[in-house]
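See below for the structure under consideration.
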Amino acid sequence: MSFEFLAPGAAVPGDRFAPVARTPMERAARAAGARFEARDGWTVATGYSSLEQEREACRRAAGWADVSHLGKLELHAAADDLAAIVADAAGGAALELGTATRAGDAWWLPLTTERALVVCEPAATGSLRERLEAAAASAARTVTVLDATCKYAALTLVGPLAREVFARFSAIDVRARVLPVAGFRPGSIARSPGLLVREGEERFLLMIGWALGQYLWETVADAGAHLGGAPVGLDALAEVAIGIAPVREEAGRA
Amino acid sequence: MSRLPEQPGERISRSKTISFRFDGKTVQAYEGDTIGSALYAAGRRTFSRSFKYHRRRGLMCCAGQCPNCLVAVDGAPGVRACTEPVRDGIDVRHMNARPGLDFDVMRATDLAPSALTPPGFYYKTFIRPRRLWPVYEKVLRHAAGLGVLPKKQAEREWRTEYRRRHADVLVIGAGAAGLRAATAAAELGADVVLCDEGPEPGGRLLAEGHHERARALADEARSAGVEILVNAPALGYFDGLVPVWQGATLHQVRAKQVVFATGTIEQPLVFAGNDLPGVMLSDGARRLAALYAVRPGARAVVATTSDRGLEAAVALRDAGVEIAAVADLRPDAAAGGALGDRLAAGGTEVLAGHTILEARGRTTVTGAVLGRADGSGGEREVDCDLVIISGGAAPATSLVAQAGARTTYDAARGVFRTGELPDAVHAAGDLTGAVGGEAVRLSGSLAGTEAAHALGLGDGASRARVQEAHRRLADLNTQAVAVAVPPAVAGGERGKCFACFCEDVTAKDIKASIAEGYDSIELSKRYTTVTMGPCQGRMCQLTSVRVMGQETGQTLEQVGLTTARPPWSSVPMGALAGRPIEPAKRSSIHGRHRELGAKILWAGDWRRAYDYGDPQGEAVAVQRAAGLIDVSTLGKMLVRGPEAGAFLDRLYPNRFSNLKPGRIRYGVISSDAGRIVDDGTICRLDDETFYVTTTSSGAGAMEEWFGWWLADWRMDVHMTDVTQAIAAVNLAGPRARDIMATVCDLDVSNEAFAYMDGKRGLVAGVPCLILRIGFVGEVGYEIHYPAAHGEHLWDALIAAGAEHGLRPFGLEPQRLLRLQKMHILVGQDTDSESTPFAAAMPWIVKLDKADDFIGKWALEHYADVEPETALVGFTMADGHVPTEGAVVVQGTTPAGQVTSSRYSPQLGRVIGLAWVASSLARDDARITISDAGSTYEATVQNKPFYDPEGEVLRS
Amino acid sequence: MPAPCPSPTRGALVMSYLLTCPNCGVREVTDFGYGGEIAARPKERPSFRELNTYNYFRRNVAGVQREWWFHRSGCRAWFVAERDTRTNEVHWTALPDQAPAAEEPSAQVPAGSAGGEATLA
């Protein structure tokens, strides 16, 4: 099972051609003043105004970052096979509908009992796919593992007003009592099919069809800027914790 | 200036003076003023001109209920001056009066004999002669409506947005009952939103001397964690979703439980001149005095049906307004009790059993005529500059009725209040007919607690409190209410008595409509438009019901209320529209197309390159050298599993289970009715895996179609939509192979990579699936690869093709090229009636397949039946390009239509596809096309116009 | 397991209602695509009349029916719902293999062929 034509990380840079993957939000980010670097085969926006200003946006209002480069793998198998493969590949993790599981620096997202999406760092995509395929070898029925990296554009929304920004374009209920940290909600985002993960108290991962990436960026930026937010680069984003740890622990560090 | 000394609880800050303009003149105000209070303080009494008669209208309710103070603020029409806070420097202008508020030429409509302007005036007067309608329309359009939008588009735009708010409990109305309900629910752990149309929570408490209690209740609610939205009217109830409009934001509140505490609306009385500036509701006068320290008048006459008017009289007297006389409709002089005594002790004459018959004055009130309600005389005229009226308190039932509540007639008060409530809907306070302040507050706590209980919150103690509250409330609500029900009209013979201020409908007009046969309240509403104006029935619903009851001899219960409909509060269209959120799909190469100067248009939900400025030249380049088109919009699916071949055999009329890995086959999807639904190519990647492409527009529908049958058949097949994950370009033309050879690591010779082969290899360093298909009729490679490399691979091909004459081409030249090959475009050349047989593709249907497939039974039937019409190619006799959709005629009878047509520069003639009668579906048959009034001759051709045998494709 | 659906106003006709996706949970109805009443495809070759009935006729009941829904904005799975067409009250939703056995046989036969059985009452 090798569908490399789906895998941006399978490109082979050589003397003549040096393919570097680009996200659908790149041009919008560039227009918003982004600085770019090549990381793990991707052109990524690392920063905008200044690290301090971006931190401030995340602390006081909302920041959003293009994370479309995150690796995504789609796993499709009969329910019991899927559970066994996930347990094998994710260190014993068991998936539960509506909840994202954090294991091995990846989010494990059950779409149904037979389909799951795994979101990881781009550099880890290849090895994770191999791990899943190895775990699938013992499955009784058909198992499909696909690189779905380019199926979904992704954007992270952080900050105390992240919820408010989100409420401007989606009806998904993101109140903490309904959607706790690691809550996972497939549903309509900006009038389009989407996936939502609450990565932290004030950190949300939004995924939407790749071709809708620029549109999602524009929608988030329109709502977010009006509430005092700003785009942030991967460097500022890295300071906002994933998980239940207090979000603003770095506040005093600057 | 008519400012009073500082009032306890006033809302204005006297230390902060701000100014704004009204009709060009500067007006001073205090921070906290409304536009209305500031203008009133500055001496203005006329605020608007009425809809039809252009009569002067002044402040009446001071609570955003009536239509009398609509103004335009900074170009936005329809703003209520009485509730809109003053902001420094705003430009306020009057509406519906020319040349000005104080002299309005359209006032002539009021002075004309009323026989000329009966109800239904427009319908009756302007229907003949018919040829004059365009003239009438122009005049009516000019006269109709109230506001005028700014001419410049930029000034008509303002930012609005939606905000979705989920909640456990939504409480509508922040009076005493609403505040108590919100607090009670929040204290039991519910997530509560409270909204109110006023600028501050507290409702009537604020203007009636209980501002401290109001603020304490609001503080309690805030401490309990309630989110309070002020200046935020709820617009309606849409199956649990309540839009709450707050300035630029439309909160869409989805709450599990909703508590309605919308209170009451003080009703006007219907008498001659009841719309004259200076006639004010008692609540309005009190608001002006208590909240803005504006003296509503120097000398007032009060007409009331309950203690509410007496309380106002006392309060206003204490604030420095002389109360000349009070007409209390209640026949028993003792009804007013201590309040009446206090007024009498202060020298005010209190006339029991009296009401107001007429307000006199030319531009504002100068006097009032009082008399006995039963018409037995006792008339007297009293000089005054203010008439305070209180015609009863009508519960604001509209919103709760929209939520499915029933209303019941309360005969003691002469009003409708809430009756039976549906699940998850609660009512509290005055709305329920609670008697007295304690009952109002208690009913609030009760509703909030019960809402929390319905959510599974609460404990034994809270349940005990509910029991106790029910008992206590029952006791309180049995107390007698001293309210007189006013007559439908008083003093009708003295002048115009307005039932509806918004639409200028008089009580006489309603009577006339009943006489004409519109004798139900719903019919009368539509005919006279009463209750359909900006007040949404607040001021006129009860009055019109009373007139109807009186005229038809029905009880008010029999007359009933009209169906409550949103919006309950007037709201700008822009607030309902929200942000223009229009999902736009863009190919990963989109940015490059724009840089290349492509014309970008919508194609379904995609933004696509239609051409790069030279569609015919682009098409020629494809046939002479090479072209590159972005086809990323094609639907793409991976279908996998041991039964994948069998699955496709069941979905398609032809076979795929026998397709060899690495080979491609064309397929048409048929419905069970045998009609063409979609088409595309399928490449078998390995024994278990097929790569399926669909049309661009059918991508979503096909994913659903495949998934639907899978859900039903439950085969061991996985279907994954990869439409957006994969960029796809089609490189085509005589030089395509040469170009491919320079960028691809595969042997692309015709022997190694034949027509209808599908291979995987590297193109410009990117792993690709390469399909050799005849998309546009030339040797072509459709290259599918990860969307993240969209621009990289496009750029590499453009660079490699430069020396070969490669040009990018758009959707328009692609259509021409495909038309030359007679490739049908599903949805353009076919419709919901087209079968593969009629669409000249009988070869696609394999009826010899042993197993069942979708459409088999219908196709077996159609295989034996000569189709009535058939899809054919045609060549025009002359150079006319018929419109797509032009009719094919036989004599004068329509016999088909043109579905595609283009001028082909390669062929030097106009070609097309058309549906024609089957008898004409033979080569060289002559057909006639009727287009835009002329007829044109064309010749039928069944083989492709270009490369009919497909030799070019296979070369 | 069939999932219950919230019903904000039981008994009254609702339009903007909520549906429970068996995979994703409660969402606005606008999240979903409607697939129509469940009409099993004929197992054997139907007569032409039966085929047309299957293709073009629906029972269109004023009452409780089973129908297909697609979670278009979410997990993109098809599921089954039992809904009262008079009120839009949804009694339950379930994945196709977890739906309770149909009580009335008409839900198992082609919708069209049951058309004659639907009463006008």
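Every read-out reported here was derived from the displayed coordinates using simple, explicitly stated rules and does not represent laboratory data. Every value quoted in this text rests on a predicted model; they were computed, and no experiment measured them. Quick reminder, even Gly has a Cβ in these numbers, built from the backbone with ideal geometry, and neighbours come from all protein chains shown.
In what order do B:TYR936, B:TYR136 fall by count of nearby beta-carbon atoms within 10 Å, going from fewest to most? Each step should come with its number before you reach the end.
Details: B:TYR936 20, B:TYR136 14.
Ascending Cβ contact count within 10 Å gives the list B:TYR136, B:TYR936.
Counted over the stretch B:718-765 with a bin width of 10 Å, the fraction of Cα pairs per bin, in whole percents, is 20, 50, 23, 6. For the pair B:GLN28 and B:ALA464, the difference between a 0.36 nm per residue extended length and the Cα-Cα distance amounts to 151.5 nm. If R0 is taken as 56 Å, the Cβ-Cβ distance between B:GLU751 and B:ARG579 corresponds to a FRET efficiency of 0.45. Annotation: lysines with alpha-carbon distance below 16 angstrom to B:LYS846 (same-chain offsets under eight excluded): B:LYS856. Partner lysines whose Cα lies under 21 Å from the Cα of B:LYS508, excluding those fewer than 8 positions away in the same chain, are identified as B:LYS52, B:LYS124, B:LYS496, B:LYS525. For a paramagnetic label modelled on A:GLU218 (point 7 Å from Cα along Cα→Cβ), amide N atoms under 15 Å away are absent within the stretch B:667-711. Here r is the Cβ-Cβ distance between A:ARG39 and A:ARG16 and R0 is 25 Å; the resulting FRET efficiency, rounded to 0.05, is 0.65.
Here the protein assembly as shown is treated as an ellipsoid with the same Cα gyration tensor; its semi-axes, largest first and in whole Å, are 66, 37, 31.
As a footprinting exposure proxy, order A:PHE204, C:PHE48 by other Cβ within 10 Å, with the fewest listed first.
Values: A:PHE204 25, C:PHE48 11.
Ascending number of Cβ neighbours within 10 Å: C:PHE48, A:PHE204.
Partner aspartates and glutamates whose Cα lies under 16 Å from the Cα of B:LYS16, excluding those fewer than 8 positions away in the same chain, are identified as B:GLU6, B:GLU31, B:ASP33, B:ASP88. Remark: the B:GLU868-B:THR939 segment gains 23.7 nm on full extension, using 0.36 nm per residue and subtracting the alpha carbon distance.
Can you give me the orientation-averaged projected area of the convex hull built on the Cα atoms of the stretch A:138-254, in nm²? Mean projected area of the Cα convex hull: 9.5 nm². For the segment A:134-144, counting C-beta atoms of other chains within 10 Å of every residue's C-beta and taking the mean gives 2.
Working ranking of peptides A:210-220, B:337-347, B:68-78 by packing, defined as the average number of other Cβ atoms within 10 Å per residue, highest first, is A:210-220, B:68-78, B:337-347. Under 18 Å from a label point set 7 Å out along the Cα-to-Cβ vector of B:VAL481, the amide N atoms of the stretch B:249-285 belong to B:260-269, B:282-283.
The mean count of C-beta atoms from other chains within 10 Å of the C-beta of residues in A:211-224, rounded to a whole number, is 4. Reported to the nearest whole Å, the Cα centre-to-centre distance from the stretch C:21-92 to the stretch B:483-562 is 47. Between the helical axis of A:125-136 and the longest alpha-carbon principal axis of chain A there is an angle of about 30 degrees. With a Cα-only, solvent-free Debye model of the stretch A:19-166, what are the log10 I(q)/I(0) values at q = 0.13, 0.15, 0.18, 0.21 Å⁻¹? Summing over Cα pairs of the stretch A:19-166 leads to -0.67, -0.83, -1.04, -1.22. When only C-alpha pairs under 8 Å and at least 6 residues apart count, what is the relative contact order of the stretch B:53-150, in percent? After rounding, I find 28 percent.
Taking the C-alpha atoms only, the angle from helix A:79-89 to the longest principal axis of chain A is near 70 degrees.
What does the convex hull of the Cα atoms of chain B come to per residue, in Å³, rounded to a whole number?
On the way: hull volume 222.2 nm³, N = 955.
Once divided by residue count, the hull of chain B is 233 Å³.
Its DSSP H runs of at least 4 residues, each contributing -39,500 (n - 2.57), put the calculated 222 nm mean residue ellipticity of chain B at -7500 deg cm²/dmol, to the nearest 500.
Loop-located GluC sites (Glu not before Pro) in the stretch B:1-105 (DSSP state not H, G, I, E or B) with no more than 11 neighbouring Cβ atoms inside 10 Å: B:GLU6. Stretched out straight at 0.36 nm per residue, the stretch from B:GLU349 to B:ALA298 would grow longer than its current Cα-Cα span by 16.7 nm. Once the C-beta distance of B:ASP91 and B:LEU523 is scaled by a Förster radius of 41 Å, the resulting FRET efficiency is 0.45 to the nearest 0.05. Each Cα pair of the stretch A:7-93 feeds into the Kirkwood radius, which the Stokes-Einstein equation turns, at 10 °C and 1.306 mPa s, into a diffusion coefficient of 98 µm²/s. For chain B, the longest principal axis of the C-alpha atoms and the axis of helix B:615-624 are separated by about 20°.
A DSSP coil position with no more than 13 other Cβ atoms inside 10 Å describes none of the chymotrypsin sites (Phe, Trp or Tyr not before Pro) in the stretch B:1-80. For the stretch B:1-104, applying the loop criterion from DSSP together with a ceiling of 14 other beta carbons within 10 Å to the trypsin sites (Lys or Arg not before Pro) yields B:ARG87.
Quick note on the stretch B:885-955: its Rg to Rh ratio, both from C-alpha atoms and Rh being the Kirkwood radius, is 1.02. Each of C:HIS91 and B:ALA143 was given a label point 7 Å from its Cα along the Cα-to-Cβ line. The distance between the two points is 5.9 nm. Principal axis extents of the C-alpha atoms in the stretch B:703-785 (largest first, rounded to whole Å): 47, 27, 21.
Can you give the convex hull volume per residue for the Cα atoms of the stretch B:842-916, as a whole number of Å³? Each step should come with its number before you reach the end.
Working: hull volume 9.8 nm³, N = 75.
Normalising the Cα hull of the stretch B:842-916 by residue number yields 131 Å³.
Summarise the long-distance tail of P(r) for chain A by giving the % of C-alpha pairs beyond 24 Å. If you can, show how the numbers build up before the last one.
Numbers: 14736 of 32131 pairs.
The share of Cα pairs beyond 24 Å in chain A comes to 46 percent.
With neighbours defined as other Cβ atoms within 10 Å of a residue's Cβ, the residues B:HIS784, B:HIS142, B:HIS211 order from fewest to most as B:HIS142, B:HIS211, B:HIS784.
Peptide C:49-56 has a mean shielding of 3, counted as Cβ atoms of other protein chains within 10 Å of each residue's Cβ.
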